[in-house]
Structure formats: structure tokens, C-alpha cells
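These notes are about the structure you will find just below.
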Amino acid sequence: MPMAAPSISAIPATSALAPLKDSHGRVIHDLRVSITDRCNYKCVYCRTGEVGAQYPELAFDEYLRLIELFVGLGITKVRLTGGEPLLRRDLVDLVRELKRLRTVEGEALDLAVTTNGHLLESLAQPLKDAGLNRITVSMDAVDAPAFERITRVEGSFSKVLAGIRSARAAGLTPLKVNCVLLRGFNDDQIEAFARFAREEQVVVRFIEFMPLEEGRLWTPEIVVTLREIVDRIGRTLPLVELPPREASETARRYTFSDGVGEIGVIAPVSQAFCGACSRVRLTSDGKIRTCLFSQVEHDLYGRLRAGASDQELRAYIAGTIRGKEARHHIGEPGFLKPSRSMVHIGG
Ligand code: SAM
């Protein structure tokens with residue numbers, strides 16, 4: 001598609017573009033950046049079995065430049081993800097550089113990483129020292145054989161457990177462990193996960209399965225809903241709901257009746273939270289996605305490569321975000337799966 005350069009006088013000043021707002025009145029302050037779509041796991045509900053890249057990766061100074069543009073427009077939180085972000089060498093250097101950036105308010109960024117934890121044991125402390133605030137580890141079973149059947153990688157459970165413990169020791173707390181539940185597949189792990197949250201002092205968050213897999217597995221029946229998760233845990237460990245900390249919080253939070261430990265449920269399917277969405281995504285190849293379920297992508301990197309100025313790129317970002325979708329349509333007639341699956345978008 002030809003990229004018509006707007007005339008300089010037509011480009012609004014940065015102050016007129018920030019904070020980033022969409023046409024539904026939502027303020028966007030949370031940027032998720034995929035830095036690779038390669039992954040060292042082949043989780044059966046996510047992948048068809050390939051581990052290689054489908055999309056190109058950018059150099060770190062290119063991600064840095066793109067992220068800096070978003071930050072200049074009001075982004076305050078940046079989460080690095082993938083694919084598996086710990087596969088990128090020099091991740092620690094990227095975190096250190098990102099920590100130097102300042103938000104519009106003059107603060108340091110809130111920096112987070114989402115990882116499968118396989119390579120985390122030796123990287124947790126260096127990441128913390130570089131300025132990382134938080135880490136989320138994905139883990140879909142607390143039983144070693146069940147976990148390894150899901151990841152299709154031998155020895156993966158002990159690696160991830162060591163990664164979780166190392167992150168906690170490094171002070172990357174509160175540490176979140178995300179678990180995607182599929183009926184008849186790993187929903188027998190729910191109660192054990194609740195105990196794991198207490199024993200390992202982590203916040204376990206159950207996530208409803210969304211139609212974002214490479215294959216065709218998703219049906220409404222395979223989704224284990226928030227209501228069911230809370231009811232099942234409550235039968236053995238009574239739960240007390242915690243108040244939300246911010247309007248855009250995606251998880252419903254619960255503690256146990258003795259106040260020890262926390263679990264959360266993220267329910268994009270049964271209790272969609274699109275109305276409070278504050279997110280935008282950048283794919284590993286530099287495309288903006290305004291929703292996980294977007295049917296179109298916006299080629300920010302292409303514009304950078306074509307020589308657009310920072311001001312032109314900022315105007316492009318702000319215009320793209322104005323067009324953010326009102327909501328997703330999971331489970332509705334006519335729902336269309338996006339062209340990329342979760343691992344290639346950046347979860
Ligand atoms: N490799 C990193 C990791 O494992 O956390 C980051 C990328 S991974 C795609 C991010 C998260 O997306 C993981 O927690 C994974 O379980 C989740 N995920 C993958 N496919 C999903 C789906 N169809 N619905 C909900 N979550 C999904």
C-alpha cells in the first residue's frame with residue numbers, strides 16, 4: 001500500500017496527540033511488544049508443532065525507537081512478550097535502555113515481561129538489576145508429567161519451577177503465574193494450582209481459553225469459565241473477592257478465607273472487559289494491533305523504514321489508536337479468527 005506522507009502543516013503537535021485515546025473514550029497507556037515470535041515450547045493448545053519464526057524480528061534499537069514514540073504519547077506500561085522473549089539475546093540490555101525512558105509525567109516506565117520461564121533461572125536477577133519491575137510466568141499444570149505433555153518439552157517443569165523461585169528470590173514480586181484452562185485437558189489442575197499459589201507465594205491467574213490457537217481446537221464448551229473456577233476452588237478453599245486496584249484491571253482477584261495467598265481469573269470470554277481496555281500491541285515485525293482480534297494490522301515499522309519523521313510516526317500511532325475496535329466478538333455468529341495466532345501476535 002503506498003504511504004502518502006502528510007504535509008507538515010497537517011501533522012498535529014505531540015501535545016495535541018497525547019494522551020492516546022480511542023474513539024470510544026478509552027485512554028491507552030499499556031503497550032505490549034512482541035520481540036520474537038519464536039518459542040521453545042510447543043504447547044499443544046497453542047501451536048501445531050512448529051517452533052520457528054513466521055514473521056521477522058526487528059533489531060533492539062528499532063524496538064527502542066518505536067517504543068519511545070509510544071511513550072512520548074502517554075504510554076506508561078510496557079510489557080515485553082513473544083513468542084518467547086527470553087530467547088532474544090541482549091534482552092537485559094533492552095530492559096536497561098527502556099528503563100532510561102521517561103513517561104510524559106517524567107516517571108520511569110512500569111516494565112514487565114511475560115515468559116514461559118524455561119530460561120528464567122539465570123536471567124531473573126540480571127533482569128531485576130536492569131530495572132524490570134514485574135514478570136509473569138505461564139504455566140498450565142503443576143504436575144510435572146501433565147506439564148510436559150502440554151509443552152512437549154522434556155524436563156520443562158523443573159526448569160520453570162526453578163525460574164519461578166529465582167524470580168521470587170530476585171524480588172520480582174508479586175510474581176504472577178498464568179494458567180490457561182481447557183476442559184477435559186488440564187482443568188483437573190485447578191485445586192492443585194490454588195495450593196501452589198499459597199505454597200510458592202505466587203499469584204496464580206487462570207485465563208479463559210480464547211480462539212487464538214494455530215489449529216482449530218476452540219469451542220465454547222472447552223472454555224472453563226470464571227464462575228466454574230471460583231465455585232470449584234471455593235468448595236475446598238473458601239475464597240473472598242478482593243476489590244479491583246484500577247479500572248482497567250483485567251483479573252477478578254480473590255484471597256483465601258485465612259487471607260494467605262491470592263488467585264485471579266481473567267475472563268475475556270465469559271465476562272469480557274473490552275470497555276476498560278487500555279492496551280495496544282506491537283508485533284515482532286513492527287505492526288500495530290489495536291485488539292487481539294483485529295482483522296487489520298498497521299505497519300508502523302514500514303513507515304519508519306520509508307523515512308517517516310518522529311512526528312509523522314506519532315501522528316500515525318495516534319490515528320491508528322483512534323480506530324481501536326469497540327470490543328471483540330468471540331462466540332458470536334460471524335466471529336472471524338484473526339490472521340495471526342497468539343504466539344505470533346504476542347500474548
Ligand atoms: N512465551 C511466553 C509465555 O509463555 O508466557 C509469552 C507468549 S505466550 C503466547 C503468552 C500467553 O498466552 C501464555 O500464557 C499462553 O498460555 C497464552 N495463550 C496462548 N494461546 C492462548 C489462547 N488461545 N487463549 C488464551 N491464552 C493463550
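Structure summary
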{"item": "Most to least packed among 293-303, 259-269, 70-80 [average Cβ atoms within 10 Å]", "result": "70-80, 259-269, 293-303"}
{"item": "Cα Rg over Rh - region 1-147, Kirkwood", "result": "1.03"}
{"item": "Region 191-271: relative contact order in percent, alpha carbon pairs under 8 Å with at least 6 residues between", "result": "39"}
{"item": "Members of 21/337; 21/77; 287/324; 21/324; 77/337; 99/128 lying beyond 18 Å, as alpha-carbon distances in this model show", "result": "21/337; 77/337"}
{"item": "Value of Rg to Rh for region 196-335 (Rh from inverse mean 1/r over Cα pairs, i.e. Kirkwood)", "result": "1.07"}
{"item": "Taking 60, 157 and counting other C-beta atoms within 10 Å, the order from fewest to most", "result": "60, 157"}
{"item": "Anisotropy class of region 288-327 from Cα gyration tensor, a/c 1.5 cut", "result": "oblate"}
{"item": "Helix 120-130 vs. the chain, principal-axis angle (Cα, 0 to 90°, nearest 10)", "result": "40"}
{"item": "At R0 = 51 Å, FRET efficiency that the Cβ-Cβ distance of residue 195 and residue 295 yields, to 0.05", "result": "0.80"}
{"item": "Overall Cα dimensions of the chain, principal axis frame, Å, largest first", "result": "65, 47, 40"}
{"item": "Coil-residue trypsin sites (Lys or Arg not before Pro) of region 123-215, DSSP, other Cβ within 10 Å capped at 14", "result": "152, 183"}
{"item": "Ranked 256, 335, criterion: other C-beta atoms within 10 Å, fewest first", "result": "335, 256"}
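Rule-based calculations on the coordinates, nothing more; no lab input. Since the model is a prediction, treat every value here as computed from it, not as a measurement. Note: ideal-geometry Cβ built from the backbone for every residue, glycine included; neighbour counts use all protein chains shown.
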